[in-house]
Structures are given as C-alpha cells and as structure tokens.
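As structure tokens, the structure follows; a few thoughts come after it.
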C-alpha cells in the first residue's frame, strides 16, 4: 500500500467518525515515513486552554505520560555515565534529606528499580480528573516538597510485588537524574538526548516549584516523538551514533513477569509491553490519547497525538489508527 493509499484509508476512518480528537499521526517504517497526518482541534498545555490549534509538523503537543518513557531513556544514559545509582540501589540512600523516612524499615526497602517499574507499593490515586487536587500527581505538583509527598504515602503493598500506576515514581527518577548530573532534567535531556537526535524545539513544563515534570511535562512535535521511537527501534543508535546503551534498552523493555497492568499488559522500566495482532509492541502512553508505539518485528514506529483528555474511552482513537488503518496496510 502506498503512502497515498494509507492516507486515504485514514481519511475514510476519520470521516466515519472513528477517530475523535485526533491531532496528529506519524508512522515510520524502515526509516521511511509511511503516513503523516495533521488535523485541528481544541488543545491544552496541561490544563491551560490553547484554543483551536491547526497542527503541523512543527507544532508542539503535550505528551503527558509518554514523558515517563523518555525519562527512562534519560536514566539509562545517565547510568552509563556513572551519574545515577544502579536499579538495585536503595532509593532513600540517594535522597539523604529524608532521614526520618529512611529510618522506617519498610521504606528503607525501596529501590530505584521499584520506581522504574512502578512497584513502590505506596498509596497513589491517579484515577481522578487531572484538574482535581485530589489526583495524586496534581497534589504532588502542589506540595511544598514533591519528593517527600511521594515517599511518605501510606504503604499498601510490599515493594516489588504489584504494579500500580504512579507518576510520583517517575518524579523520583527525575530527581535522581538532576542530582546525579548536576543539571536540571530539561537541560540534561537537551544535551544528552534531544540535540543528538536533532530534536528542536522542545518544551518541558514545570510545576510551581520550577522543577520540570518528569512524569508528564514534555511537549514535542509528532515527527520528533517518532524519532525517539526510531531510537528505541534502533536499540539506542541513531544514524550510526550510539545515544542510549543497548543493554539499557533491552532491560528497559523487558517485562517483569510478576508485574501486570490492570488490562493485562506487561511493564518494563516506564514502558508498556504487549502483543497487538500477534506483533510485540512496546509503548509509551499518555492521557488524552498520546502514544509512542514501537513494533520491532514490523520495523515500525507510530507517534499519535490526540486531545481526548477528559474522555473515559480515550484509548479508542489510537487503537483505531493502529489496528484499523496502519497494521492492515502492512499485512
């Protein structure tokens, strides 16, 4: 199927009303762009209304929680440089300003890997609207000390035993990166990842404390998001240049058998791992329908932006684009 035919197929699906809120799609296979689509619609930067936006290849878009997957890439780079602790390291040993929390034997068991795999075992609710201060991520952003807010949550499970979605886990990773590199997270990301990939412009939104949100603050254009997917597909290399260690990519994308999402997907280090139409897929996923999908055996990367931030079935649009438009064209 040609790029024109694929675009026609997407247009038909849009006209049928099956892709509500779709803002952008970029699909790349073997380094060649198969599909590039930009729409228009109301959009937000976090909860700040932007009005109706005409999207294009240079338009920045919230990635929301796809940011978490990018943070995991940055952790791997910093680890290779010897600037952050190994995944097996005790977490609170590297956050020395919380000796009261470290004195709690249950919290002293927390490791960096528990944060990487979202298995800290701490109480955390993000199933509430993201404009509500009762949502744990919003409460964290509003707290006087975001890291204490995360670390002092009540313990509900032994660490490492259950996957439980937690933006606070990613915030801790961002803190370790900033401490270890001596640079704000966004600045380290610029020099270690974005500039080597030729990604510009970039916006990384920050909370009231001025700290970039490692969990949800990144804004990129759709082609640049796809470029990050190509980096993952290339096991950490881009145009022959090594940016992320290959062993980190493999470990990052290795699902932990005992940690499953509530819908049954596997989970590695801030990346989802599941099968779609018998193809292995690794994914970064964000509120509103943001997706970075990498299907290695098809040599395929798909970046999707959408604006369905408050929709209960916001997953439908990216699933439709992948399963009804792109994958059938490759069979």
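The values are calculated or read from the model by the stated rules, or taken from the named source; none is laboratory data. All values derive from a computational prediction rather than experimental measurement. All Cβ positions, glycine included, derive from the backbone under ideal geometry; neighbour counts span all protein chains shown.
Data table
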read-out	value
Residues of segment 152-170 that turn out to be touching a helix residue (DSSP H, G or I) at 6+ places or on another chain (Cβ under 6 Å) and surrounded by 23 or more Cβ atoms within 10 Å (Cβ to Cβ), as a count	4
Condition met for residue 163 (in contact with a strand residue (DSSP E or B) (Cβ under 7 Å, 6 or more places away or on another chain) and closer than 25 Å to residue 259 by Cβ)	yes
Residue tally, condition touching a residue at least 40 places away in the same chain (Cβ under 8 Å) and either over 22 Å from residue 42 (Cβ atoms) or crowded, with 24+ Cβ neighbours inside 10 Å (or both), over segment 287-313	18
Residue match in segment 6-14 (condition: closer than 18 Å to residue 330 by Cα, surrounded by fewer than 16 Cβ atoms within 10 Å (Cβ to Cβ), in contact with a helix residue (DSSP H, G or I) (Cβ under 7 Å, 6 or more places away or on another chain) and at pLDDT below 95)	no
Any hit, segment 84-100, residues being touching a residue at least 12 places away in the same chain (Cβ under 8 Å), farther than 30 Å from residue 242 by Cα and under 22 Å from the mean Cα position of the chain (by Cα)	no
Single residue of 264, 217, 268 found to be out of contact with any strand residue (DSSP E or B) (no Cβ under 6 Å at 6 or more places or on another chain) and within 30 Å of residue 195 (Cα to Cα)	268
Conditions (1) touching a strand residue (DSSP E or B) at 6+ places or on another chain (Cβ under 6 Å); (2) on the phi > 0 side of the Ramachandran plot; number of the one not met by residue 31	(1)
Flag for residue 262 being under 28 Å from residue 141 (Cβ atoms) and part of a loop (DSSP other than H, G, I, E, B)	yes
Filter result for residue 71 (modelled with pLDDT of 95 or more, within 19 Å of the chain's Cα centre (by Cα) and assigned to a loop (DSSP other than H, G, I, E, B))	no
Selection count where residues are crowded, with 24+ Cβ neighbours inside 10 Å and either part of a loop (DSSP other than H, G, I, E, B) or at pLDDT below 95 (or both), scope segment 217-247	3
Residue that is loosely packed, with under 14 Cβ neighbours inside 10 Å and either on the phi > 0 side of the Ramachandran plot or part of a strand (DSSP E or B) (or both), where the choices are 51, 41	51
Selection count where residues are surrounded by 18 or more Cβ atoms within 10 Å (Cβ to Cβ) and out of contact with any strand residue (DSSP E or B) (no Cβ under 8 Å at 6 or more places or on another chain), scope segment 54-82	9
